[in-house]
Number of protein chains: 2
Amino acid sequence: MNAVTIKDVARIAGVSPATASRVLSGNPATSPEARARVEAAVEELGFLPNAQARSLRSTKTDSIALLISDVRNPYFSDLAHAVEQHARAAGLMTFIGNANEDSAQQDDFLATMLSRRVDGMIVVPQGLGEQAGTATSMMRRIVDSEIPMVFVDRTLHDIAVPNITAQSREALNEAIAALKSNGHRRIAFIGGPKHASTALERHRAFDAALEANGLPTDAALHFAGDFRTASGADGARWFLAHPLAPSAVIIADAPMAIGALKVWRELRAKVGTDFSVVAFDEVDALLMHDPPIATISHNLEAMGRAAVQALLAVIRQEEADPLELVSSFTLRPSVATAPPENAVHTEGTRP
Amino acid sequence: MNAVTIKDVARIAGVSPATASRVLSGNPATSPEARARVEAAVEELGFLPNAQARSLRSTKTDSIALLISDVRNPYFSDLAHAVEQHARAAGLMTFIGNANEDSAQQDDFLATMLSRRVDGMIVVPQGLGEQAGTATSMMRRIVDSEIPMVFVDRTLHDIAVPNITAQSREALNEAIAALKSNGHRRIAFIGGPKHASTALERHRAFDAALEANGLPTDAALHFAGDFRTASGADGARWFLAHPLAPSAVIIADAPMAIGALKVWRELRAKVGTDFSVVAFDEVDALLMHDPPIATISHNLEAMGRAAVQALLAVIRQEEADPLELVSSFTLRPSVATAPPENAVHTEGTRP
DNA sequence: TTAATCTATGAAATCGATTCCATGGAATCG
DNA sequence: CGATTCCATGGAATCGATTTCATAGATTAA
């Protein structure tokens, strides 16, 4: 192993470990000679401080934890990338953890990070399955432990933690307006799981946007997915078989959209022709699709940056104001004129 | 903070810290009563051991580092996911780091992990920019420090470390055979950067497959990309403008393929009609494309599993045999009959 | 010139666990 | 029954850094 310790450095440099430590941490109470000799010794021995020992004493680890819901979802990997870059710029190492949309795995990761005494946590919280967005006991413990923490993307309503979220009101308004002007009246919504606050927000904003556009809301046009591919596929079949024959659908995240599009392709249902589609999250797969899918997208770079800034503020014991970013709508050919009433994709349900 | 220490637990339980520690680590030399009382105390106080202190003394961290080239590349996020799941099953926490295809960021991450004394490292090595696949000095240090390490996906030729890679010979043979049987003779190759061993392997296998199929190799049909989207776009333009008018192209990874497909779409060059395309890595964006892209894919789940197993073997001081996984070719409609000679995508170069 | 303040330094305490070593009592052996 | 082994346990050392505290010497103030 790397058996070189600060004592070795001190010995070679002819100073005490205390002085060596001061030089290494940039403490001004060091003479130029001492500095030079310690630096030479470090170089000579290839000394690399033991982070464990260092942070055991100093209670600082220069690292933060980032918990996301799913590494393989480009939405979150973009977020992770942004957080990592900004944390890096602030001299912090980021540990990325994966909850797999599962509150048990989340708690596991949080516990390890807590025991490793990270300087702070940025969390996309998984609520408990049943009660919408309710904190787990481990989450409570983190809060009690007073480790700086901020939520990003999602929140839990029963825990007061600074949070950075995105709202989709305006973007959904635009999307619905675009659909309406293309003659769509009955618009379905494939939403996310109850435990995610984003699912609720998107669903509410959807209903609000319908009303704002003078269209009726209808609970029967709402499908409860879980933000994962398979449930998108289910939603796609539900949509095709729907008795009300909606002519358009909005899908609340990219994995579900991809699942849905795959099903529709298999069943030879024609997106853009038979019905129109708008999906959340601007990912390659949706842009490569033919026709390209109109999307409601978030600025994940901004979200990551804001999350890091908020966390740094909490660490510095300052107030971190909650921030709500706006989303933007991009019209693409998956939105087209609604087919004449009562002639909607009837032959498309089975190939 | 979590000010509860093992001494508090010991005091409440009425035992010494030594005994408390034994109970916590499952040491058999403990009486049932002691065990019960310590466990009760732990429960009561909500004690969570300080990982720093623990591993400072025990020189074990129950964690490994995984360094990948690019979090946002689905190829690597799939690999990361697989590694994480298998490490988790073995009781190891995984720290995921992102090199951004950059050896400086790689070294940074490796240094932090070294100073944190992880139990092992799984690395997709970035070589030095110029000299093909040469180790950096930090990489050398890791090797010298004798921290268990394995390479995955890529290797460095001047460092002897167990490695798990994938070879693409058979899959490329099949791909070329499929192209040939569709009448393609001049097949271009958009490859990766010199510093990645996978780039070299794929390029060589490509040439070998041409020969095996009785087709001539030609350096002029090779474009040197860098595995990133932008260079794929460049490659796409290079392909369209190529004086030899190749009728098919194989692209060495998904980000480059996506970059290329976007360009072709913009320029209204018709994939599958004007020319045929095969790409490495089976990612959603390539499957959603119209027409779906034929791919050469690796089993990343198997690769991740093998990497974890190899690392565990090294940690146990056993021999870890290098493993080469095979790739598989999936024919899709992006491969079609070659257009008649000399009529190739001439109007496609500019819209 | 003496007192007061600074500066750079080292010895030793400390962070919170694990582990080595010694020990007293119970169990086993001859 | 005395000697030996085994068990559970506690005291103290330890891991490798940082930080407190005391101090010798230099500098400034009065």
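The values are calculated or read from the model by the stated rules, or taken from the named source; none is laboratory data. Here the structure is a predicted model, which is why all the values come from computation and not from measurement. No Cβ is skipped: glycine too gets one built from the backbone with ideal geometry, and neighbour counts run over all protein chains shown. Ligands, DNA and RNA are stripped out before the accessible areas are found, and what is left, the full protein with its side chains, is counted by its heavy atoms. Shrake-Rupley method; radii C 1.70, N 1.55, O 1.52, S 1.80 Å.
Report the gain in length on full extension from A:Asn299 to A:Asp321: 0.36 nm times residue separation, minus Cα-Cα distance, nm rounded to one decimal.
6.1 nm
In this structure the protein assembly as shown gives 41 Å² per residue of accessible area when probed at 1.4 Å with all protein chains present. Applying the criteria of a DSSP loop state and at most 13 other Cβ atoms within 10 Å to the trypsin sites (Lys or Arg not before Pro) of the stretch B:31-81 yields B:Lys60. Net charge dipole, the protein assembly as shown: roughly 680 debye, given to the nearest 20, about the Cα centre with Cβ charges of +1 for Lys and Arg and -1 for Asp and Glu.
Between the stretch A:179-224 and the stretch A:88-150, the C-alpha centres lie 31 angstrom from each other. Note on surface exposure: A:Asp281, B:Asp290 rank B:Asp290, A:Asp281 by accessible area, highest first, 1.4 Å probe.
Enclosing the Cα atoms of the stretch B:162-212 in their convex hull gives a volume equal to 74 cubic angstrom per residue. Association of chains B and A removes close to 5100 square angstrom of accessible area from solvent, both sides included, for a probe radius of 1.4 Å. Placing pseudo-labels 7 Å out from each Cα toward the beta carbon at A:Asp108 and B:Asn182 gives an inter-label distance of 4.2 nm. The magnitude of the dipole of the stretch B:142-216, with charges of +1 and -1 set on the Cβ of Lys/Arg and Asp/Glu and taken from the Cα centre, is near 520 debye.
Of the residues making up the stretch B:273-289, those losing 40 Å² or more of accessible area when the isolated chain is joined by the remaining protein chains, with a 1.4 Å probe, are B:Asp284, B:Ala285, B:Met288. Taken over the protein assembly as shown, the ratio of Cα radius of gyration to 2.2 N^0.38 Å equals 1.06.
For B:Thr337 and B:His157, the FRET efficiency from 1/(1 + (r/R0)^6), where r spans their Cβ atoms and R0 equals 35 Å, is about 0.30. Between the C-alpha center of the stretch A:32-63 and that of the stretch B:1-53 there is a gap of 32 Å. For the protein assembly as shown, with all protein chains in place and a probe radius of 1.4 Å, 51% of the accessible heavy-atom surface sits on carbon or sulfur.
Rolling a 1.4 Å probe across all protein chains gives B:Met303 an accessible area of roughly 0 Å². Seen from every direction in turn and averaged, the convex hull around the alpha carbons of the stretch A:6-49 projects onto 2.5 nm². Residue by residue, the stretch A:78-85 carries 3J(HN,Hα) couplings of 5, 4, 4, 4, 5, 4, 4, 5 Hz when phi is fed to the Karplus relation 6.51 cos²θ - 1.76 cosθ + 1.60 (θ = phi - 60°); x denotes Gly or Pro. Amide H contacts of A:Ala279: A:Ile251, A:Ala294, A:Thr295, A:Ile296, each under 5 Å away and 5 or more positions distant or on a separate chain (H built 1.01 Å from N in the peptide plane; Pro and chain starts excluded).
From the convex hull of the Cα coordinates of the stretch A:167-299, what is the mean projected area in square nanometres?
Mean orientational projected area (the stretch A:167-299, Cα hull): 7.1 nm².
When DSSP assigns beta bridges and you keep just the ones with both residues in the protein assembly as shown, what percent turn out antiparallel, to the nearest 5?
10 percent
Within the same chain, aspartates and glutamates fewer than 8 places from A:Lys270 are excluded, and of the rest, those with a Cα less than 13 Å from its Cα are A:Asp290, A:Glu347, B:Asp290.
If you place +1 on the Cβ of every Lys and Arg and -1 on the Cβ of every Asp and Glu, how big does the dipole about the Cα centre of chain A come out, in debye to the nearest 20?
In total the dipole reaches around 520 debye.
Antiparallel beta bridges, as assigned by DSSP with both residues in chain B, represent about 10 percent of the total such bridges. For A:Lys180, a cut-off of 17 angstrom between C-alpha atoms picks up these aspartates and glutamates, skipping any fewer than 8 places away in its own chain: A:Glu170, A:Asp207, A:Glu211, A:Asp218, A:Asp274, A:Glu341. Interface residues of the stretch B:77-91, defined as those with an accessible-area decrease of at least 50 Å² between the chain by itself and the complete set of protein chains (probe 1.4 Å), are B:His81, B:Arg88. Shape descriptor for the stretch B:10-112: Rg over Rh equals 1.17 (Cα atoms; Rh from the Kirkwood inverse mean 1/r).
For the set B:Thr94, B:Thr134, the ranking by accessible area, highest first and with no ligand, DNA or RNA atoms included, is B:Thr134, B:Thr94 under a 1.4 Å probe.
Of the Cα atoms belonging to the stretch A:104-247, the radius of gyration and Dmax stand at 18.3, 57 Å.
Along chain B, the exposed loop sites are GluC sites (Glu not before Pro) outside DSSP states H, G, I, E and B with at most 13 other Cβ atoms within 10 Å, and the longest stretch free of them is B:147-317. Per-residue SASA remark: B:Arg237, around 100 Å² accessible (1.4 Å probe; ligands, DNA and RNA not included). Here the spin labels are modelled as points 7 Å beyond Cα on the Cα-Cβ line, and at A:Glu146 and B:Ala313 they lie 5.0 nm apart.
Rg over Rh for the stretch A:55-112 works out to 1.03, both radii taken from alpha-carbon positions and Rh defined as the Kirkwood radius.
Take A:181-194, A:15-28 and order them by the average number of nearby Cβ atoms within 10 Å per residue, most first; the result is A:181-194, A:15-28. Under a 5 Å amide H cut-off, with hydrogens placed 1.01 Å from N, B:Leu66 pairs with B:Phe95, B:Ile96, B:Gly97, B:Ile122 among residues at least 5 apart or on other chains.
Compared with the direct C-alpha span, the chain from A:Glu44 to A:Arg57 gains 2.1 nm at full extension, assuming 0.36 nm per residue. Ordered by solvent-accessible area of protein heavy atoms (1.4 Å probe), largest first, the residues B:Lys262, A:Lys7 come out as A:Lys7, B:Lys262. Normalising by residue count, chain A has a Cα convex hull of 155 Å³ per residue.
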